[in-house]
Amino acid sequence: METKSPAEHHHHSHNPVLGENTELYFSLLCGFFLAVGFVLSFYEIESWIWQLLLAVSYFFGGFYTAKEAIATISKGGFEIDFLMLVAAIGAALLGEYAEGALLLFLFSLGHALEHYAMNRARNSIKALADLAPPTAILLRDSAEKEVLIETLNVGDRILVKPNSKIPADGVVVKGQGSVDQAPITGESVPVEKIAIAQDSADSEEKIASQNQVFAGTINGNSVLEVRVVKAASDSTISRLIKMVQEAEKQKSPTQHFTDKFEKIFVPLILVMVILLCFAFLVIDEPFSSSFYRAMAVLVASSPCALAISTPSAVLSGIARAARGGVLIKGGRPLEDLGAVNAVAFDKTGTLTEGKPRLTNISTLSGSEADFLRLLISVENKSDHPLALAIVKGIKEKYPEIRPGHVSEVKSVTGKGIRSVVDGDEVLIGNMALFPELDKDVEKRIKQLEQAGNTTMLLKKGSEYIGIVSLMDVPRNEAKATLSRLSKLGIKNMVMLSGDNQSVADSVATEIGLTEARGNLMPEDKVKALADLKQRYGKVAMIGDGVNDAPAMANSTVGIAMGAAGSDVALETADIALMGDKLNLLPFAIGLSRQTRRIIKQNLWISLGMVAILVPLTISGLATIGPAVIAHEGSTLLVVLNALRLLVYEEK
């Protein structure tokens with residue numbers, strides 16, 4: 001004998017006669033004929049009319065119950081519908097037709113409303129599929145043609161008009177404007193997009209976020225020309241839908257517990273019901289009374305609410321997370337995230353922006369304007385990431401500075417650049433480029449480096465002009481996010497970084513981490529995770545999902561940052577923050593904790609109702625009618641309680 005899994009039990013395919021709500025209509029017709037018969041019973045009517053009305057009520061109330069019970073039994077299975085059908089037939093055999101009809105009415109109504117409520121949670125996931133438009137404007141031979149998105153190929157160019165949905169994952173090759181990415185990444189502020197510098201053949205992983213667009217996001221007021229980088233079936237939104245649907249099938253720890261509980265509980269109840277049928281042999285009462293009591297106990301003890309309590313909460317939680325830009329791959333990570341006592345962070349690209357920024361300009365001689373002019377003149381000729389960061393920083397902070405004439409530029413490998421600006425020799429580089437460095441200048445450089453900066457010195461002729469420093473600065477939202485995590489009760493926040501310890505300490509102090517560990521190779525991060533788990537119990541690891549994969553795999557819950565568009569990040573992590581937004585983490589943890597609370601509440605409601613009703617029905621204090629009302633009421637209560645997660649908002 002086996003019980004059907006909750007997911008199967010509550011997601012039937014019905015061949016509807018009156019549309020998808022046929023089961024609900026049948027249930028209401030059952031209640032209607034029962035009510036008409038009850039009212040007419042107060043008048044002098046022929047008994048056959050009353051019996052006919054009850055028979056019609058039985059038909060509509062028992063149709064889907066019997067259909068599902070027979071389908072399951074034919075496969076060698078067993079489920080709750082069968083228990084209810086037996087109880088209704090038992091009541092009819094005792095002549096208690098009205099109570100049997102009431103049982104079928106309330107059970108079928110509860111079943112129909114369960115399906116409706118569960119479908120609501122599923123539909124909030126399926127709504128993602130409607131985010132992407134069905135057609136796209138294909139550009140070919142200077143002509144525009146409207147085509148189905150399924151026919152788009154990688155490399156095709158499409159036109160995206162203002163205020164319209166983007167039909168495919170791609171890269172902007174012409175135009176500039178803001179795009180609302182909230183449907184995919186959960187970002188509340190539109191993201192500025194610009195055309196890629198050249199018609200690059202780079203893979204989508206190498207394309208910068210300001211060039212990349214996703215299917216289902218909403219274009220602003222500009223016209224964009226986009227090159228398709230993924231087929232419709234492989235787009236971020238398609239993968240998101242598939243993974244959420246797969247997550248729905250994965251059971252949480254609580255679901256595994258309730259499944260095991262039911263396998264023991266249901267046979268015990270059946271044995272007890274059979275024994276109660278023969279209570280008349282021990283107690284001085286007729287067989288009909290013993291049989292009636294057994295049927296009442298059967299109704300009271302059926303674990304309908306228990307079967308639906310956890311999957312309804314898990315499904316609602318996963319659906320709400322998906323709408324908020326967080327992909328949670330199943331019930332286990334959803335529950336585990338709410339139980340973590342510590343969070344380990346990668347540094348670069350997670351807590352920091354992942355790219356250097358100009359942080360300090362220190363003039364040693366001459367004017368600051370002259371120093372900046374020499375800097376931008378030389379660095380303009382280089383494509384090194386540090387040079388690009390210096391030029392960008394100067395243009396942002398000092399837009400009035402204009403570069404001089406550069407007649408010669410030579411790279412000194414590992415040290416810096418030797419150049420000629422307006423006829424003067426200019427050297428820019430690290431301390432290795434200047435073997436006879438002044439002690440005071442060396443001291444200032446070392447102080448900056450100890451604070452986590454990368455420094456370069458500029459020398460014109462024989463004179464040291466100034467020091468420029470850069471740093472991978474913390475994300476703007478990092479400090480506020482850690483503060484929110486602290487308020488959620490996460491007191492242990494640790495950074496695991498490959499950078500040197502002084503840099504790690506500097507960042508940790510600035511944003512409010514409790515601990516920082518530097519100089520870590522990927523295998524060292526795995527050892528650090530094992531140590532943290534031993535100290536704190538359950539630990540989440542958040543990183544970019546690629547080089548942090550070993551550490552994520554060894555954590556309780558692995559979380560990938562900025563997973564939109566990244567196949568590796570989506571595959572690696574248990575949870576993926578679709579947008580490159582660290583502040584989605586408190587939302588995800590808060591939602592997980594609320595889900596755990598609701599699951600516990602549902603277990604108390606479902607098991608508590610059984611614990612109350614079984615003794616009452618055994619003692620005869622409660623009959624089938626009240627037992628049915630209380631039993632089905634608890635089932636609906638746990639579903640409605642679970643659906644609260646669909647409107648969850650972080651406090």
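The values are calculated or read from the model by the stated rules, or taken from the named source; none is laboratory data. As the structure is a computational prediction, the values presented were derived from the model and not from experiment. Cβ coordinates were reconstructed from backbone atoms using ideal geometry, including for glycine residues, and neighbour counts include every protein chain displayed. These area figures cover heavy atoms from the full protein model, side chains too; ligands, DNA and RNA do not enter into them. Shrake-Rupley method; radii C 1.70, N 1.55, O 1.52, S 1.80 Å.
In degrees between 0 and 90, to the nearest 10, how far off the longest principal axis of the chain does helix 287-301 point, with axes built from Cα atoms? It is inclined by approximately 10 degrees. Once the gyration tensor of the Cα atoms in region 379-518 is diagonalised, the equivalent ellipsoid follows with semi-axes of 36, 18, 12 Å, ordered largest first.
Could you check how many percent of all C-alpha pairs in region 304-413 are farther apart than 24 Å? Let's see the in-between values first.
Details: 3301 of 5995 pairs.
Tail of the P(r) past 24 Å holds 55 percent of the pairs.
A Förster distance of 30 Å, applied to the separation of the beta-carbon atoms of K410 and K355, puts the FRET efficiency at 0.70. Volume per residue of the convex hull around the Cα atoms, evaluated for region 255-310, comes out as 57 Å³.
For region 316-380, the C-alpha radius of gyration divided by 2.2 N^0.38 Å, with N the number of residues, is 2.15. Global dimensions of region 494-651 from alpha-carbon coordinates: Rg and Dmax equal 22.9, 74 Å. Residues whose amide H lies under 5 Å from that of S222, counting only those 5 or more places away or on a different chain, are N163, S178; hydrogens are built 1.01 Å from N in the peptide plane. Largest first, the three principal axis extents of the alpha carbons in region 216-346 are 86, 35, 24 Å in whole numbers. The largest-to-smallest principal axis extents of the Cα set in the chain are 117, 63, 39 Å. Solvent-accessible area per residue in the chain equals 45 Å², computed with a 1.4 angstrom probe and all protein chains kept.
Each peptide in 463-472, 265-274, 425-434 gets a packing score, the mean of other Cβ atoms within 10 Å over its residues, and the list from highest to lowest is 463-472, 425-434, 265-274.
Only helical runs count toward this figure. For the chain, summing -39,500 (n - 2.57) over DSSP H runs of n ≥ 4 and dividing by all residues gives -16000 deg cm²/dmol at 222 nm.
Working note: Karplus 6.51/-1.76/1.60 with θ = phi - 60° gives region 363-375 the couplings 7, 9, 7, x, 8, 5, 4, 5, 4, 5, 5, 5, 4 Hz, where Gly and Pro are set to x. If R0 is taken as 30 Å, the Cβ-Cβ distance between K538 and F261 corresponds to a FRET efficiency of 0.80. 3J(HN,Hα) along region 416-431: x, 10, 10, 8, 10, 10, 6, x, 9, 6, 10, 10, 9, x, 7, 5 Hz, from the Karplus curve 6.51 cos²θ - 1.76 cosθ + 1.60 with θ = phi - 60°, whole Hz, x for Gly and Pro. Overall size of region 357-422 from C-alpha positions, given as principal axis extents largest first: 28, 26, 21 Å.
Put simply, the amide H of G216, placed in the peptide plane, has neighbours under 5 Å in I166, A168, leaving out anything fewer than 5 places away on its chain. Here the convex hull built on the C-alpha positions of region 378-455 has a volume of 118 cubic angstrom per residue. Classify region 290-349 from the C-alpha gyration tensor, please: rounded if a/c falls under 1.5, else prolate or oblate depending on whether a/b exceeds b/c. Note, shape of region 290-349 comes out prolate. Computed from Cα atoms, the angle from the helix 478-487 axis to the main principal axis of the chain rounds to 30 degrees.
Listed by chain and number, the lysines placed with their C-alpha closer than 20 angstrom to that of K527 are K347, K538; residues fewer than eight positions away on the same chain are left out. Among the listed pairs K355/K525; K410/K439; K193/K355, those with a Cα-Cα distance over 24 Å are K410/K439.
Equivalent ellipsoid of region 469-522: semi-axes from √(5λ) of the C-alpha gyration tensor, largest first, are 20, 14, 8 Å.
The angle between the Cα long axis of helix 584-619 and the main principal axis of the chain comes to about 10°, on a 0 to 90 degree scale. Under a 5 Å amide H cut-off, with hydrogens placed 1.01 Å from N, T359 pairs with S469, L470, M471 among residues at least 5 apart or on other chains.
Taking the average, over residues, of other Cβ atoms within 10 Å as the packing measure, peptides 634-640, 645-651 rank 634-640, 645-651 from highest down. Using +1 at the C-beta of Lys and Arg and -1 at the C-beta of Asp and Glu, which of L337, V539, S312 has the Cα lying farthest in the positive direction of the dipole of the chain? Of the candidates, V539 comes out farthest on the positive side. Dipole check for the chain: with +1 at the C-beta of Lys and Arg, -1 at the C-beta of Asp and Glu, and the Cα centre as origin, the magnitude is about 960 Debye.
Could you please state how large a percent of the accessible area of the chain is carbon and sulfur, counting protein chains only and using a 1.4 Å probe? Working shown, then result.
Numbers: 16730 of 29380 Å².
Summing carbon and sulfur atoms, their accessible area is 57 percent of the total for the chain.
The HN-Hα couplings worked out from phi for region 95-110 by the Karplus form 6.51 cos²θ - 1.76 cosθ + 1.60 (θ = phi - 60°) are x, 8, 4, 5, 5, x, 5, 4, 4, 5, 4, 5, 5, 5, 5, x Hz, whole numbers, x standing for Gly and Pro.
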